[in-house]
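Step one of this worksheet: look at the structure below.
Every read-out reported here was derived from the displayed coordinates using simple, explicitly stated rules and does not represent laboratory data. Given the structure is predicted, the values throughout are model-derived calculations rather than measurements. Backbone-built Cβ (ideal geometry, glycine too); neighbour counts: all protein chains shown.
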C-alpha cells in the first residue's frame, strides 16, 4: 500500500507549517437559522415527510474545525482565524439596530465562525411564519447583508424569500414586461431593496 | 435555492474532498453552473441508490444552470422592479452532508411502509 505520509513536515519552518494548516481550514456556509423540513423542499415537498432531519448537519456545521483536535500547533492556528460566537453575547463589531434580526428558528446555541473563510446563509422565508408559526423580529435581509460584510462577503438566501412557493410555480422561459421598471416597488419591499443593494457583488 | 442531501458516513465523505479537506464543511452552497455541483449531485444520487430502501426519496430532477439563473432573475425582477439588481443574483444549490442516514432503512419492507406513510 502506498504510504502518502509526508514525514519531513515537522522539520519545515514554523511559518510554512502554519500556512499549510491554514490551507486545511474549512470554508463554511455559516447558517443564520435552522432549516425546516418541507419548507426548503418547495412545492413538491409540501406536507410530505422530508428525507432528512437537517438539524444534525446544522449542528456539525457550527462545531470547531477538525484542526482544533489534531495538535497544539494546528489548534493555535485555528483559534487565530476563527472563534466561538455566543448567541448570548453582543458581537464585535456590534451590528447597527436595523441589522438585528431574530426568528423562532434562529441558531440557538454557540457556534464556530471564521470571518475570513465563511459565507453566510439565511433559510428563513415568510412561509416559516405563515405555515409553521415561526415569527421573526427585525429585518432578515438587512441582517444578512451585515453578516456578509462581517464575514467573507458572500451571502445566499432562499428563492422563496421573494416568492411564495405555495402560490405559484415560477416559470423561467417567459419574459417579464420591462415596464415593471417604471413601477415603484411596494413599500414593504423597500427594505429588501435597500438590503440587497448592500450585499457585495 | 434547491437543497440536496448527501447521506453518507463521515470517512467516505471526507475522502471525496467535496465537504472540505477534512470533511468538516458539511454545508456547501455552490453556483448552479459549478462542476462541483454536478459531482455532489452524482454523489447524493449514488448514496440514495446504495440504500436497501428509502423512507422518503429525494427528487433529483435537475434544471439547467441557465434556466435556474433565468428563474431567479425573473423572480427578483418581478419583486424589485430593477433589472440591474436582479441580474446580480445567481442560482445556487445547497448540499448538506448528513451522516445520520435519515431516510435509509435497513429492510425493504421498512422502506415501503415509510413511503406509504409519507405519501398520505
Calculate the spin-label point distance for residue B:101 paired with residue A:84, positioning each point 7 Å from the Cα along the beta-carbon direction, and give it in nanometres.
3.3
In what order do A:9, B:95 fall by count of nearby beta-carbon atoms within 10 Å, going from fewest to most?
A:9, B:95
How much FRET efficiency would the formula 1/(1 + (r/R0)^6) give for residue A:180 and residue B:61, where r is the Cβ-Cβ distance and R0 is 41 Å, rounded to 0.05?
0.85
Using only Cα atoms and rounding to the nearest 10 degrees, what angle (0 to 90) does helix A:72-81 make with the longest principal axis of chain A?
30
Using only DSSP helix segments of four residues or longer, with each worth -39500 (n - 2.57), what per-residue ellipticity at 222 nm results for the protein assembly as shown after dividing by its residue count and rounding to 500?
-10500 deg cm²/dmol
Place a point 7 Å from the Cα of residue A:108 along the Cα-to-Cβ direction; which residues of the range A:20-42 have their backbone N under 16 Å from it?
A:32-37
Want the number for residue A:27 to residue A:191: 0.36 nm per residue separation, take away the alpha-carbon distance, what's left?
56.1 nm
Using a 10 Å cut-off around each Cβ, can you sort A:79, A:111 from fewest to most neighbouring Cβ atoms?
A:79, A:111
For chain B, longest principal axis from Cα atoms; helix B:35-50 axis from its Cα atoms; angle between them, nearest 10 degrees, is 30
Just checking the output field for B:65-75: average partner chain Cβ neighbours within 10 Å of each residue's Cβ?
4
Please give the Cα centre distance for the range B:46-106 versus the range B:1-28, rounded to the nearest Å.
16
Evaluate the distance, in nm, between pseudo-label points positioned 7 Å from the Cα of residue A:63 and of residue A:4 along their respective Cα→Cβ axes.
2.3
For chain B, the longest principal axis of the Cα atoms and the Cα long axis of helix B:108-118 enclose an angle in degrees, to the nearest 10, of 40
Find the centroid of the Cα atoms in the range A:62-106 and in the range A:29-55, then give the distance between the two in whole Å.
24
What list do you get for A:75, A:80 if you sort them by fewest beta carbons within 10 Å?
A:80, A:75
Please give the average number of partner chain Cβ atoms lying within 10 Å of the Cβ of each residue in B:14-25, rounded to a whole number.
5
What does the C-alpha gyration tensor say about the overall shape of the range A:1-123? Classify as rounded when a/c is under 1.5, otherwise prolate if a/b is larger than b/c, or oblate.
oblate
Cα-based shape type of the range B:40-83, given that a ≥ b ≥ c are square roots of the gyration tensor eigenvalues and the cut on a/c is 1.5:
prolate
Just checking the output field for A:18-26: average partner chain Cβ neighbours within 10 Å of each residue's Cβ?
2
Applying the gyration tensor rule to the Cα atoms of the protein assembly as shown (axes a ≥ b ≥ c; rounded if a/c under 1.5, else prolate if a/b exceeds b/c, else oblate), the class is oblate
